[in-house]
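Remarks on the structure that follows.
The values are calculated or read from the model by the stated rules, or taken from the named source; none is laboratory data. Note that the structure is predicted; figures quoted are calculated from it, not measured. Don't worry about glycine lacking a Cβ; one is built from the backbone with ideal geometry, like all the others, and counts go over all protein chains shown.
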Amino acid sequence: MLFDVDTIRSGYPALSEGFTHFDGAGGTQPAESVVAAIAGAMRAAVSNRGTAFEPARRSVALVAEARAAVADLLGADPAGVVFGPSATALTYLVARTLAQGWGPGDEVVVTRLDHDANVRPWVQAAASAGATVRWADVDVTTGELPVAQFEALIGPRTRLVAVTAASNAVGTMPAVREIAAIAHAAGALTFVDGVHSTAHRVTDVVELGADFYVTSAYKWSGPHYAAVVADPELWRTLEPVKLVPSPAQVPERFEYGTLSFELLAGVTAAVDHLAGLAAPAEGSRRQRLVASLTAVTAYENGLADRLAAGLAALDTVTVLPAAADRCPTISFRVHGQPPAQTAQVLGEQGICVSNGDYYAVEYFDAAGLRASGGAVRASIYHYNTAAEVDLLLEAIAKLQPGA
């Protein structure tokens, strides 16, 4: 497969401003086709969903197209795709709904590797039901989330296991399949946070063992909109708190208020954009997505290896450990310099990196770094280049520790 980064970059209008973006884990720049799709939907006559007139039928089509697109991206059933404003909001929705069936003695398992959006909703839902929270620890010396501990953590009273598909702090991709298998053997459900992983790997929610899988389109060239997917039959067993006249059928009963039709047009365009990243673009959209994201993984891993090797050669830098199986995300600290200052100095040079705890509060508390500012994060996306990696390394090498 041909992966032409120059051609790909030409499809991102924001890149023409000249900034060097290593902030994709916090949000990627939108593709031109996404911007055009959103604008096109807003220029056309679109009404709330219905069948009586054409503008209403257009909104029905926009929703159906977006469900089909996300299903293709994740290997899911379109009838099990639920949309919402953010991954956090959707996780709260599922947590509150599931917790209606929990009680004292029930247990949920969360991890210290996860973004807080896949921790706090479950902790709070468990507290409301009188259920017990059990914690899976991260090995901060390796960045691993050891699988063996789940055998002891998961038992007959476990109702749900929440785990990330990829750490937004250090990139580690836990062995979700193995963890899900342990959970399912005990009769528990799994909720997988795929916000950080979806952009970088081929996703198949069935193969992954994810009963629920959440993703955010703005992490893969799309708009600020999110989706959580599950088997439609699983959705049908759940009854969310909702307005009396709102739809009763699945998946609509889990979608509060009127959907953002223009953003859904952007979601569909973003999936189509991902499907066309590698040439030749042949086969079904799902087949094209698999081919493109396979090429993306290889390309991004090459850049991540280049960055990791360059950082390791700098004696003024400490890199936070991560597992061998990882997304192209690297966190580090410059000796004697607060992470916020490092990010500020790089930002003044037009190099965009993140700093702090990135909402991975449990990880940074476990690592003992949160109180001192967390770390600096460089996250690679498919529009980054080797020249940009070298530029970042040169800029870091010139930083004055302690200054």
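Residue by residue through segment 319-357, note down the ones that are within 22 Å of the chain's Cα centre (by Cα), among the small types (G, A, S) and closer than 19 Å to E388 by Cβ. Once the filter is applied, which keeps residues that are within 22 Å of the chain's Cα centre (by Cα), among the small types (G, A, S) and closer than 19 Å to E388 by Cβ, segment 319-357 yields S331, S354. Here T7 fulfils each of the conditions (1) free of Cβ contacts under 8 Å to residues at least 12 places away in the same chain; (2) more than 23 Å from V389 (Cβ to Cβ); (3) not hydrophobic (A, V, I, L, M, F, W, C) apart from (2).
Within segment 233-248, one or more residues are of a type outside the set (D, E, K, R) and not in a loop (DSSP other than H, G, I, E, B).
Looking across segment 148-186 at every residue that is among the aliphatic types (A, V, I, L, M), more than 21 Å from the chain's Cα centre (by Cα) and assigned to a loop (DSSP other than H, G, I, E, B), the one that is farthest from N355 (Cα to Cα) is identified as A186. In the list T111, T97, T51, which residue meets the criterion of being out of contact with any Ser or Thr (no Cβ under 8 Å at 6 or more places or on another chain), in the same structural domain as K242 (by TED's automatic domain parsing), touching a residue at least 24 places away in the same chain (Cβ under 8 Å) and not aromatic (F, W, Y)? Of T111, T97, T51, the one residue that is out of contact with any Ser or Thr (no Cβ under 8 Å at 6 or more places or on another chain), in the same structural domain as K242 (by TED's automatic domain parsing), touching a residue at least 24 places away in the same chain (Cβ under 8 Å) and not aromatic (F, W, Y) is T97.
In the set A52, A76, only one residue is under 26 Å from V296 (Cα atoms) and in a loop (DSSP other than H, G, I, E, B); that residue is A76.
E252 passes every criterion in (1) surrounded by fewer than 21 Cβ atoms within 10 Å (Cβ to Cβ); (2) out of contact with any Lys or Arg (no Cβ under 8 Å at 6 or more places or on another chain); (3) charged (D, E, K, R); (4) in contact (Cβ under 8 Å) with a residue 12 or more places away in the chain apart from (4). All of (1) crowded, with 22+ Cβ neighbours inside 10 Å; (2) in contact with a Cys (Cβ under 8 Å, 6 or more places away or on another chain) hold for M173 with one exception: (1). On the stretch given as segment 216-232, residues that are more than 13 Å from R67 (Cα to Cα) and not in a loop (DSSP other than H, G, I, E, B) total 3.
Candidates are the residues of segment 108-134 that are assigned to a strand (DSSP E or B) and surrounded by 24 or more Cβ atoms within 10 Å (Cβ to Cβ); the one that is farthest from the chain's Cα centre (by Cα) is V108.
Taking segment 249-291 as the range and being polar (S, T, N, Q), assigned to a helix (DSSP H, G or I) and farther than 17 Å from A79 by Cα as the test, only Q287 passes. Taking V296 as the residue in question, decide whether it is in the same structural domain as I380 (by TED's automatic domain parsing), farther than 25 Å from S216 by Cβ and either free of Cβ contacts under 8 Å to residues at least 40 places away in the same chain or buried (at least 18 other Cβ atoms within 10 Å of the Cβ) (or both). No. Do we find a residue being over 21 Å from S260 (Cα atoms), in a loop (DSSP other than H, G, I, E, B) and under 17 Å from the mean Cα position of the chain (by Cα) anywhere in segment 79-94? The answer is no; no qualifying residue exists.
If I filter segment 187-222 down to residues being more than 16 Å from A76 (Cβ to Cβ) and more than 13 Å from the chain's Cα centre (by Cα), which single residue comes out as surrounded by the most Cβ atoms within 10 Å (Cβ to Cβ)? Here the answer is A188.
Conditions tested, residue by residue: (1) within 30 Å of V109 (Cβ to Cβ); (2) surrounded by fewer than 22 Cβ atoms within 10 Å (Cβ to Cβ); (3) in the same structural domain as A313 (by TED's automatic domain parsing).
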site	(1), (2), (3)
I351	no, yes, yes
S354	yes, no, yes
E362	yes, no, yes
A366	yes, yes, yes
L369	yes, yes, yes
A378	no, no, yes
Y381	no, no, yes
N384	no, no, yes
E388	no, yes, yes
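Within segment 26-76, restricting attention to residues that are under 26 Å from the mean Cα position of the chain (by Cα) and among the acidic types (D, E), the residue that is surrounded by the fewest Cβ atoms within 10 Å (Cβ to Cβ) is E32. On inspection, E239 qualifies as closer than 25 Å to W102 by Cβ and at pLDDT 95 or above.
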